[in-house]
Structures are given as C-alpha cells and as structure tokens.
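For reference, the structure discussed in these notes is given below.
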Amino acid sequence: MKNLKYLLLGTLFGIILCKVQAVSWWRMQEMFRFDGFYMYGLFVTAIPTGILSVWLIKKFNIKTVSGEPIIIRKKKFNWGYVIGGLLFGIGWAFSGACPGPLLALIGAGKFVVIVVFISALFGTLVYSWLRPRLPH
Amino acid sequence: MIEILKQSWPWYVGGVLIGLMVPALLIAGNKSFGVSASLRDICAACIPAKIPFLDYDWRKEAWNLFFSLGIVIGGFIGGYLLGDPQPEKISSITIQTLEQNGVHFNAGFVPEDIFNWSYLFTLPGFIIIVVGGFLVGFGTRYAGGCTSGHGIMGLSTLQWPSLIAVGSFFVGGIISATWLLPFILNLGK
C-alpha cells in the first residue's frame with residue numbers, strides 16, 4: 001500500500017510535535033508574548049535543517065524512492081498570504097494550535113480540541129465558498 | 001526505560017527532526033510538507049455541493065489524509081502513552097499574566113480552565129475555541145498554507161512569499177495573544 005509510508009511519517013511527526021511541546025497552548029502564548037526562546041529555538045533549528053536538506057537534494061541530484069526527480073513547487077504571491085495570514089495568526093493564538101498540533105492534541109486525548117478541528121473544517125469550507133469574492 | 005521515553009526533548013533536537021520532515025516527504029514521493037491542505041481534502045471529500053475550489057479529485061491527494069491520520073496516532077503515542085508528566089517549563093511572566101486573566105497553569109499542553117465542555121458554552125470559551133478554530137481553517141486556506149507549509153517547507157525552499165505569510169501569521173498572533181486574548185478572557189466578568 002503506497003500511502004502507508006505517509007501514515008508512518010505522520011505518526012513520527014505527531015510524536016515529535018508532542019515531544020518538543022509544539023502542541024502546547026502555553027508555549028504559543030509564551031512565543032507570541034516574547035517571554036521565552038523555546039519556540040524560536042525550534043524554528044531556528046528546523047528551518048536551516050530544511051534548507052540544508054533541500055540544498056543537498058539538489059546538489060547530489062537525489063531522487064525519490066521510486067526514482068523520480070524531486071520537484072519543488074513554487075509559491076506565487078497573492079494578497080491572501082497577508083490577509084489570510086493575519087486571520088490565521090489571530091486564531092492560532094486563541095486556540096494555541098495550527099493544523100498539525102490540532103490533530104496531535106486530539107490523539108493525545110484532548111477531546112475538546114475536536115471542536116476546534118471541526119470549526120477549522122468549517123472555516124475552510126466558508127473560505128472555499130467565499131473565495132471568488134475575496135481579494136487575492 | 002519508560003521514564004526516559006516519557007521525557008520531553010530539547011528544542012535543538014526537536015527542531016532538527018521537524019526540519020527533516022521536509023526531505024523525508026520529498027524523497028518518499030515528491031510531497032510538499034504541509035498539513036492544512038488536508039482540511040481542504042476533507043471538505044472536498046465530504047461536501048457534495050458544487051464549490052469550484054472543492055471540485056477536484058481529492059483521492060489524488062489521499063497521502064495528505066494518511067499523513068494527518070498518522071499525526072493523530074503520533075499524538076496518542078507521544079502525548080498520551082508516552083506523555084511527559086512534567087509540565088512545560090513556561091516563562092513565569094507568561095504564567096503570571098495568564099493567571100491575572102483567570103487562566104491557571106497546568107501540565108498537559110492545554111489549559112483546563114479553557115478547554116473543557118462547560119467553558120465552551122460561555123462567550124469567551126466560544127470565541128477562543130470555535131471562532132479560533134474557524135480562523136485557523138479560514139486563514140490557512142486563504143494564506144495557502146500553515147506553519148508547516150509556509151513556515152517550514154516554504155522557508156526551507158527559500159520562497160519569499162512564504163516569508164511574507166509567516167510574518168503575517170506572527171503579526172496576527174502577537175496582536176491576538178497580547179491584546180485580544182486578555183480582552184476576551186475578561187468578557188462577561
């Protein structure tokens with residue numbers, strides 16, 4: 001089954017998110033209030049690791065497991081990145097979680113977070129519906 | 001042994017592991033690291049209504065749903081079975097400020113004062129849990145990604161639109177945590 005590897009990688013990511021406290025509502029408050037370095041420490045190690053990995057993939061022309069060349073999709077700027085970004089930021093500080101941590105928290109047994117998740121699905125649906133009328 | 005497995009990891013270990021998700025997904029099958037797109041896939045799979053943005057073959061993106069289901073399982077393993085019984089070492093200034101707004105510190109990732117079923121049916125609870133969740137779903141799709149898609153994947157591939165998106169996330173988050181949240185916590189008091 002070709003999707004099994006993604007299930008396993010997701011499991012790994014979920015464990016990491018919990019073990020580095022990136023699912024913690026408290027950590028998000030601390031980060032947004034600039035009271036502590038912990039979350040910034042995560043970002044300043046994660047991003048260079050990602051940059052270095054992508055550089056190595058290009059440098060040594062590393063292929064996927066099935067032998068395809070690796071393609072990195074370009075993101076094209078639109079104003080949604082700013083408007084949507086601000087709105088997401090507000091919600092992130094309220095709920096203390098972005099989509100990944102939301103899922104991990106549900107797994108960790110924080111069942112009220114299911115309501116946050118359903119609300120996020122509803123938000124995605126409303127965006128999809130309003131999309132033609134929103135500035136981008 | 002089990003005690004060691006339950007411990008939290010320092011940020012420099014965690015950061016490297018999160019960063020390695022980028023090459024892992026690329027090498028596994030040319031997948032861009034990101035979680036919020038799976039919200040769109042779930043909507044596309046469940047909503048039969050004719051909304052152009054949701055009218056695509058979500059089955060082709062099924063890897064997203066497997067990855068998301070994995071995160072739930074990972075949360076169960078890392079946050080429940082092997083959950084750290086020690087509370088996070090949060091700055092005392094943060095704890096004090098929240099305390100003044102009626103949120104008492106506890107171990108276990110989320111404040112029990114907020115994330116409980118009876119608080120959900122109060123005005124502040126509704127705004128924090130339901131409106132907060134709504135903004136996460138609405139905002140990430142509007143912004144074309146979340147912390148993983150823009151913050152980790154976009155920045156790892158040196159894309160400036162992602163930097164603008166991440167900057168916007170933080171401006172929103174700072175305004176929200178500093179001014180909006182304290183105001184909302186005190187509504188109806």
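Could you list, in sequence order, the residues of the stretch B:130-152 that are touching a Ser or Thr at 6+ places or on another chain (Cβ under 7 Å), open to solvent by less than 10 Å² (accessible area, probe 1.4 Å), in a helix (DSSP H, G or I) and at the interface with another protein chain (Cβ under 7 Å from one of its Cβ atoms)?
B:GLY132, B:GLY133, B:VAL136, B:GLY137, B:THR140
Restricting to the stretch A:111-133, count the residues that are within 7 Å of another protein chain (Cβ to nearest Cβ), open to solvent by 40 Å² or more (accessible area, probe 1.4 Å) and over 19 Å from the mean Cα position of the chain (by Cα).
Number satisfying all stated conditions: 2.
Identify all residues within the stretch B:66-93 that are open to solvent by 50 Å² or more (accessible area, probe 1.4 Å) and either in contact with a His (Cβ under 8 Å, 6 or more places away or on another chain) or more than 7 Å from every other protein chain (Cβ to nearest Cβ) (or both); write none if there are none.
Passing the criteria: B:LEU81, B:PRO85, B:GLN86, B:PRO87, B:LYS89, B:SER92.
Please identify the pairs in which a residue from the stretch B:164-189 that is under 15 Å from B:ILE127 (Cα atoms) and open to solvent by 40 Å² or more (accessible area, probe 1.4 Å) has its Cβ atom under 8 Å from the Cβ atom of a residue that is in a helix (DSSP H, G or I) and not small (Gly, Ala, Ser), counting only partners at least 6 apart or on another chain.
As it stands, the answer is B:LEU180/A:ILE90; B:LEU180/A:PHE94; B:ASN186/B:PRO124; B:LEU187/B:LEU123; B:LEU187/B:PRO124; B:LEU187/B:ILE127; B:GLY188/B:LEU123; B:GLY188/B:PRO124, since those pairs meet every condition given.
Go through the stretch A:27-45 and give me each residue that's touching a residue at least 12 places away in the same chain (Cβ under 8 Å) and at the interface with chain B (Cβ under 7 Å from one of its Cβ atoms).
A:ARG27, A:GLN29, A:PHE32, A:TYR38, A:LEU42
The values are calculated or read from the model by the stated rules, or taken from the named source; none is laboratory data. As the structure is a prediction and not an experimental result, all values here were calculated from the model. Glycine also receives a Cβ, built like all others from the backbone with ideal geometry; neighbour counts cover every protein chain displayed. The area values use the complete protein model at the heavy-atom level, side chains included, leaving out ligands, DNA and RNA. Shrake-Rupley method; radii C 1.70, N 1.55, O 1.52, S 1.80 Å.
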